[in-house]
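Scroll down for the structure; my scribbles are underneath it.
Nothing in this text is a laboratory measurement; each read-out follows from the coordinates by a stated rule. Computed from a predicted structure; not experimentally measured. Ideal geometry is used to build each Cβ from the backbone, glycine not excepted, and the neighbour counts take in all protein chains shown.
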Amino acid sequence: MAGFFAKLFGGKPTIDIGRRFERLHESISGTMSSFYKAKDTTTGNVVGLKILDPKKLEPIEGRYKGLGKPPEGEIGSQITGPNIVKTLEWGSTTDARQFIVQEFVEGTMLHALISAKKPLPPAKRLDLVRQAATAIAAVHKAGFVHRDICPRNFILRPDGRLVLIDFGLTVPDKPVFLQPGNRIGTPNYMAPEVVRRRQADKRLDVFSFGVTAYEICTLDLPWPSGKSGSAAMTHDSPPIPLRDRWPEAPEPLAKAIEACLEAEPSRRPESLEKFLTLVARL
């Protein structure tokens, strides 16, 4: 295990995180990591400290051995923008675990906001949709595909800024990293080509964004919960029209979101920049 991380980090110095960071909040456990609000004892700054579980990480990273995939911390450091969490530092610990230091983002999980089932003002819905699209566009501009766009990976700050916070499944935007067989992501948000184990590209993020945007606008999924993205769901049936659930929705917005939900990738907007142009005049 230690040898695996030594190769992954290319001889980067290890850090004793127990000495370096004072943990201020209990761990929030994710699929492959634990996350803490912490104080950096060298600077006094409050940060987000993410510690990855090597047993869960190695099978994922092992798929890309020899392909030059950067570790999550390096990927995060290359993706920047107003709607992207800032990666401050990354590396390995003295006990052979990967750690990532991020800005600590105060706010409400987008998932919690949607789950509360309290409709947002129309202008706020449009604003959040645009901010989510801007965040994903930044990922693609940096040369990566996120692969896990969903409300759980966004935080809404008190000042209204929406921030994309996690890059655990992000890979370089190259066909070799998006080959058939890797059914990765959050089930209700998976693009059909991922469910069907077909070759994918960054348009899988466009689909996942479409599901997320639809939820922001309607507080519901485009398909019955639990079916979209599952092995049995092929998305051959169209989603419930967005305006059936939000009759006052601007038609260009509804059409643009529904275009993102097309089962065939070639029928989706080719990029999030294209989506943003479709809703620019609203």
message = Would you calculate the convex hull of the Cα atoms in the stretch 96-227 and tell me its volume per residue in Å³?
response = 128 Å³
Semi-axes of the equivalent ellipsoid for the chain, Cα gyration tensor, largest first, Å = 33, 22, 15
note = By Cβ neighbour count within 10 Å, fewest first, E262, E251 rank E251, E262
ask   = For the residues E22, E264, E215, E248, what sequence is obtained by ranking on other C-beta atoms within 10 Å, fewest first?
value = E248, E264, E22, E215
ask   = To the nearest 20 debye, what is the magnitude of the charge dipole of the stretch 108-278 about its Cα centre, counting +1 on the Cβ of each Lys and Arg and -1 on the Cβ of each Asp and Glu?
value = 240 debye
For the stretch 108-278, with +1 on Lys and Arg beta carbons and -1 on Asp and Glu, the positive-most of A135, P252, L242 along the dipole = A135
key: More than 13 angstrom apart: percent of Cα pairs within the stretch 23-93   = 72 percent
task = Based on other C-beta atoms within 10 Å, arrange K39, K124, K55 from fewest to most.
result = K55, K124, K39
request  = Would you work out which of L261, P71, I84 lies farthest towards the positive end of the dipole of the chain? Charges go on Cβ: Lys and Arg +1, Asp and Glu -1.
outcome  = P71
ask   = Based on DSSP H runs of at least 4 residues, each adding -39500 (n - 2.57), what is the mean residue ellipticity at 222 nm of the chain after dividing by all its residues, to the nearest 500 deg cm²/dmol?
value = -9500 deg cm²/dmol
task = Starting with the highest mean, order 62-72, 272-282 by the number of other Cβ atoms within 10 Å, averaged over the residues of each peptide.
result = 272-282, 62-72
